[in-house]
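Note sheet for the following structure.
Read the figures in this text as sums done on the coordinates, not as results from a lab. Everything quoted here is computed from the prediction, not taken from an experiment. For neighbour counting, all protein chains shown are included, and Cβ atoms are generated from backbone atoms with ideal geometry for every residue, glycine included.
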Amino acid sequence: MLSIKNLHASVDGKEILKGLTLEVPVGQVHAIMGPNGSGKSTLSRVICGHPDYVVTEGSITYEGVDLLAMPIEERARKGIFLSFQHPVEIPGISTAYFLRSALNAQHKARGEPEIDAIDFLKVAKEKAKLVELPAALLNRPLNEGFSGGEKKRVEIFQMTILEPKLAILDETDSGLDIDALRVVAGGINTMRSPTRSQLVITHHQRLLDYIVPDVTHVLMDGRIVKTGGKELAHELEEKGYDWVKREVAAGVAL
Amino acid sequence: MTDLITWKASLPTPRHEDWKYTSLASLKQADVKPVVVAPVIAARGATVETRTGDVPAIDDVVVQVDEHVHVLVHEGADAVVTIAHATPAGALTGANVHVHVPANCKLHLVERFAGNDVFVHVPATTLTIGAGAKVRYVRVVEDAPKGFHLGTVAADLAPDATLALASVVLGGRISRTRIDVKLAKGSTIEMDGLSLAGKDALVDHHTFVDHAEPNATTRERFRAAVDSGGRAVFTGKVIVRKGAVKTDAAQHTKTLLLADDAIANARPQLEILADDVKCSHGAAVGRLDEEALFYLRTRGIGPDDARRLLTKAFASESLATIDDGPLRASLDVLVDRWLAGLSS
Ligand SMILES: Nc1ncnc2c1ncn2[C@@H]1O[C@H](COP(=O)(O)OP(=O)(O)OP(=O)(O)O)[C@@H](O)[C@H]1O
Ligand SMILES: [Mg+2]
């Protein structure tokens, strides 16, 4: 589904991704862990096409096509979704209005019929229940004054409505209390299917107890330096990143 | 009735401080003829009368009219009044409307201005608000790409009266709204303004609040969004006269520039002659937030629609205090139409 080869990307002239290679087959869930500042959010933003990041080398293909040539919204319409580490607040536009505009933009681009406000509200209320989001939140301006946990719930709520093929979840678990984590993980798991893939960025193995990954990667200093199974997350939780660093230095990782 | 040649010759030029950024040169070229157009008024809890021989109550650009319309709110009423002005193509016109609100009454007043093709509309509205009365006044100047609107509002508040005014202007070749407010002891003015200046349009809000007595409050919030070649002008004069102690005045403006050649001129002018007062002002000018644009586009919304949606969000915040559902819905339609006409 997603194939990244030797990706180099910079922002403001500073190289952040330094030859990153990653393969996410269809139907799989991959976890990415890594120290602060290693480039995890950068990777997620480059996949979505953020204009501040310049790709200087390498390639990203998605379903066999060159992703880097595609405008941001095109990527979304073809099924890529990013749950932001820091969702943006948009005062003045209700969450429901925003999301219906997004859904209809995608439908229109795919030649599917648009959804009117009433039908949309029915679907939205259903999906809101899934992540235990109070329906009243839908009428409030998008993310404005939402708590950290509410913002993350709303990201996952958006995902369940937009039904992406490839979901990138950037620290969706940060800021969630224990109960919310279980609920949000439940929402994420409803999207798990043989036709969809997920890339889950996290610092905590806790999330991965709910969303069990097929593969776990360690991202350090702009590259994937180690890849393993679901047990790798536990190992990292126990031992920290220093042992991976030493392995990398010794040339034994991967 | 106004003599056209004399009237045009009397128009201020940009040398006049109040008209520094709003040149009326294009208006002088407008092919219009003086005509009388009576506004259409629907009133509940008020009586409408026509009187002759009054004079305009504001020192600004006005047209002389023979007949003045008076809206007299009944004693003790909770009144609802809508005034609609429709200016025909080729007309130079300006009705004078005087609204009288007795003490302790309530009034919900909506005044709308629309016009066709090339016209010059110079309406004057005065509000005389009695002690303790509460007035909600929403003023809407609809878009008319070739029209000129030079409107004036003069509000005189008695002690403890409240005026909550929303001025929504969706453009026109030149649309200037001058609002003068005189506050008495303990009275309050809340002003929300929205200037939407489309391509090559000029929208000017010129406000003057006079704190002549103690304990009065001013809250001014003006927003403007400006498209390519357009200009938004805001002048906010507040004078706090000697003895107007415990005045509480705040003025905030926010302007969104939607193109490189969009222009904003914001001038807060605070003159404080009294002690023990609270006065603040802030003016911000900016562009659409790039991170917000990125966020919208990652949801599948194209760049033009994303810009429109964020601009709509910006404008909607200004309309948030309008809780009259049908009115708000009709304003949303006007805003959407304005957004659809943006250059990109
Ligand atoms: N606009 C920018 N200008 C300069 N440096 C930047 C910019 N954006 C990001 N960086 C830097 O890029 C590096 C990688 O940032 P990124 O957000 O991808 O890290 P991360 O792995 O997601 O970290 P965290 O776990 O803290 O979220 C950091 O050192 C960061 O400071
Ligand atoms: Mg990050």
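Note on B:301-309: average number of Cβ atoms from other chains within 10 Å of each residue's Cβ is 5. For residue B:179, the residues 5 or more places off, or on other chains, whose built amide H falls under 5 Å of its own are B:153, B:206, B:207, B:208. In the range B:4-288, taking the dipole from charged Cβ atoms about the Cα centre, the farthest positive-side position among B:174, B:206, B:196 is held by B:196.
Can you figure out the FRET efficiency of residue A:6 with residue A:195, using R₀ = 22 Å and their beta-carbon distance, to the nearest 0.05? It comes out at approximately 0.20. The value given for the range A:139-233 is a Kirkwood hydrodynamic radius of 14.3 Å, derived from the mean inverse Cα-Cα separation.
Its alpha carbons considered, the range B:4-288 gives a radius of gyration followed by a Dmax of 18.3, 53 Å.
Note on B:191-201: average number of Cβ atoms from other chains within 10 Å of each residue's Cβ is 0.
When Rg and the Kirkwood Rh are both derived from Cα coordinates, the Rg/Rh ratio for the range B:62-142 amounts to 1.03. Using only Cα coordinates, the Kirkwood hydrodynamic radius of the protein assembly as shown works out to 27.2 Å. Note on A:99-105: average number of Cβ atoms from other chains within 10 Å of each residue's Cβ is 5. Averaging Cα coordinates gives a centre for the range B:13-43 and one for the range A:117-183; these two points are 51 Å apart. For chain A, the calculated P(r) over all alpha carbon pairs, in 5 Å bins from 0 to the bin holding the longest distance, is 1, 6, 13, 17, 19, 17, 13, 8, 3, 1, 1, 0, 0 percent. The fraction of all Cα pairs in the range A:86-130 landing in successive 10 Å bins from 0 to the largest distance is 25, 49, 26, 0, given as whole percents. The GNM of chain B, with springs linking C-alpha atoms under 10 angstrom apart, assigns the highest mean-square fluctuation among B:209, B:333, B:69 to B:333. Counting every pair of alpha carbons in the range B:163-316, the share spaced more than 20 Å apart comes to 52 percent.
When chain A is treated as a GNM with alpha-carbon contacts under 10 Å, the residue of A:217, A:30, A:204 showing the greatest mean-square fluctuation is A:204. Distance between the 7 Å Cα→Cβ label points at residue A:107 and residue B:273: 6.2 nm. With both labels modelled 7 Å from their Cα along Cα-to-Cβ, the residue B:84 to residue A:114 distance reads 2.7 nm. Extent of the range A:1-72 along its three principal axes (Cα atoms, max minus min coordinate, largest first): 34, 29, 19 Å. In a reduced charge model with +1 at each Lys and Arg Cβ and -1 at each Asp and Glu Cβ, the range B:1-59 shows a dipole moment near 160 debye about its Cα centre.
Just need log10 I(q)/I(0) for the range B:1-41 at q = 0.15, 0.27 Å⁻¹, Debye formula, equal scatterers on the alpha-carbon atoms, no solvent, rounded to two decimals. For the range B:1-41, the Cα-only Debye profile gives -0.48, -0.94. Within the listed set A:118, A:93, A:211, the Gaussian network model of chain A (springs between alpha-carbon atoms below 10 Å) gives the highest mean-square fluctuation for A:118. Charges were assigned to the Cβ only: +1 to each Lys and Arg, -1 to each Asp and Glu. The resulting dipole of chain B about its Cα centre is roughly 340 debye.
Summing Cβ point charges (Lys, Arg +1; Asp, Glu -1) relative to the Cα centre of the range B:199-278 gives a dipole of roughly 160 debye. Holding the Cα-Cα limit at 32 Å, pick out from B:199/B:237; B:146/B:237; B:134/B:254; B:106/B:199 the pairs that are longer than that. From the list (B:199/B:237; B:146/B:237; B:134/B:254; B:106/B:199), the Cα-Cα distance tops 32 Å for B:106/B:199. Could you tell me which of rounded, prolate or oblate describes the range B:190-277, using a ≥ b ≥ c as the square roots of the eigenvalues of the alpha-carbon gyration tensor, with rounded for a/c under 1.5 and, failing that, prolate when a/b is larger than b/c and oblate otherwise? Note, shape of the range B:190-277 comes out prolate.
Ranked by the mean number of other Cβ atoms within 10 Å per residue, highest first, peptides B:73-79, B:246-252 order as B:246-252, B:73-79. Here the convex hull built on the C-alpha positions of the range B:1-97 has a volume of 129 cubic angstrom per residue.
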